[in-house]
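Engineer: Pasting a structure here, questions to come.
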Amino acid sequence: MMKANLWLSVLSLFALVTLFMSSSVIFDWFGIREMEGNYVPIVVWANLVASVLYLLSAYRAVTGKSKSGYPLIIALIILILAYIALGIHISSGGAYETKTVGAMAFRIILTSVFLLTHKKIFRK
C-alpha cells in the first residue's frame, strides 16, 4: 500500500506541475511564456493533455476504478506523437529551444516508468 501511495503522490505532483507550467505557457500566465523562449505549441499542448491524463489515472487508481493505467498509455502515445512532430518541426527549420528535445525525451521515459510501475503495483 505504501508503494501505491508513493506512486500516486509522485504522479499527482508531476501532473500538477506539468498542468501549471503548460497552461501558463498556453495562456501566458505570470509571464512564463516569455521565459520559455521559442516554445513549440504542439509540445506544450501535448504536455497539457498528458497532465490531465496523469491526474485521471491517479484518480481512477485512488477510487479503485478498473483500467486506471489506460490514461497513462494514451498519454505516452500522445507524447511520442508530439516528439515526432517536434522532430519534423526542427527538421523543417522551425524555431525551438534545445532543452525541449531533452525535456520531451525525459517526459516520455518518466511516463513509461509511471506506466510500468502502475502495472506492477496495481496488477490484478
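Engineer: List every residue pair whose Cβ atoms lie under 7 Å apart, where the two residues are 6 or more positions apart in sequence or sit on different chains, the first residue falls within segment 30-47 and is without any contact (Cβ under 8 Å) to a residue 60 or more places away in the chain, and the second residue, located anywhere, is assigned to a helix (DSSP H, G or I) and of a type outside the set (A, V, I, L, M).
Structural biologist: F30/S24; I32/S24; V44/S22
Engineer: When the residues of segment 33-47 are narrowed to those that are hydrophobic (A, V, I, L, M, F, W, C) and surrounded by fewer than 18 Cβ atoms within 10 Å (Cβ to Cβ), which ends up modelled with the lowest pLDDT?
Structural biologist: Among residues in segment 33-47 that are hydrophobic (A, V, I, L, M, F, W, C) and surrounded by fewer than 18 Cβ atoms within 10 Å (Cβ to Cβ), the one modelled with the lowest pLDDT is M35.
Engineer: Please verify whether S57 is assigned to a helix (DSSP H, G or I) and in contact with a Gly (Cβ under 8 Å, 6 or more places away or on another chain), treating the condition exactly as stated.
Structural biologist: yes
Engineer: Among F114, F14, F30, F20, which is the only one that is surrounded by fewer than 18 Cβ atoms within 10 Å (Cβ to Cβ), at pLDDT 95 or above and either charged (D, E, K, R) or in a helix (DSSP H, G or I) (or both)?
Structural biologist: Selected residue: F20, the only one of F114, F14, F30, F20 that is surrounded by fewer than 18 Cβ atoms within 10 Å (Cβ to Cβ), at pLDDT 95 or above and either charged (D, E, K, R) or in a helix (DSSP H, G or I) (or both).
Engineer: Could you please give the count of residues in segment 77-113 that are more than 17 Å from L48 (Cα to Cα) and of a type in the set (F, W, Y)?
Structural biologist: Selection size over segment 77-113: 1.
Engineer: Name the residues in segment 87-108 that are in a helix (DSSP H, G or I) and without any contact (Cβ under 8 Å) to a residue 40 or more places away in the chain, would you?
Structural biologist: Scanning segment 87-108 gives G87, I88, I90, S91, T98, K99, V101, G102, A103, A105, F106, I108.
Engineer: Run R123 past the list (1) among the charged types (D, E, K, R); (2) without any contact (Cβ under 8 Å) to a residue 60 or more places away in the chain; (3) surrounded by 12 or more Cβ atoms within 10 Å (Cβ to Cβ) and report the number of the one that doesn't hold.
Structural biologist: (3)
Engineer: Of all the residues that make up segment 56-77, how many are surrounded by fewer than 18 Cβ atoms within 10 Å (Cβ to Cβ) and among the hydrophobic types (A, V, I, L, M, F, W, C)?
Structural biologist: 4
Engineer: Counting only residues that are more than 16 Å from the chain's Cα centre (by Cα) and β-branched (V, I, T), which one in segment 78-95 is surrounded by the most Cβ atoms within 10 Å (Cβ to Cβ)?
Structural biologist: Applying the filter and picking the extreme gives I90.
Engineer: Only one of these is more than 30 Å from M2 (Cβ to Cβ) and among the polar types (S, T, N, Q): S51, S12, S24. Name it.
Structural biologist: Within the list S51, S12, S24, the selection yields S24.
Engineer: Which residues, counting only those in segment 4-35, are under 14 Å from M104 (Cα atoms) and over 12 Å from the mean Cα position of the chain (by Cα)?
Structural biologist: None; the set is empty.
The values are calculated or read from the model by the stated rules, or taken from the named source; none is laboratory data. All values reported here derive from a predicted model rather than from experimental measurement. All Cβ positions, glycine included, derive from the backbone under ideal geometry; neighbour counts span all protein chains shown.
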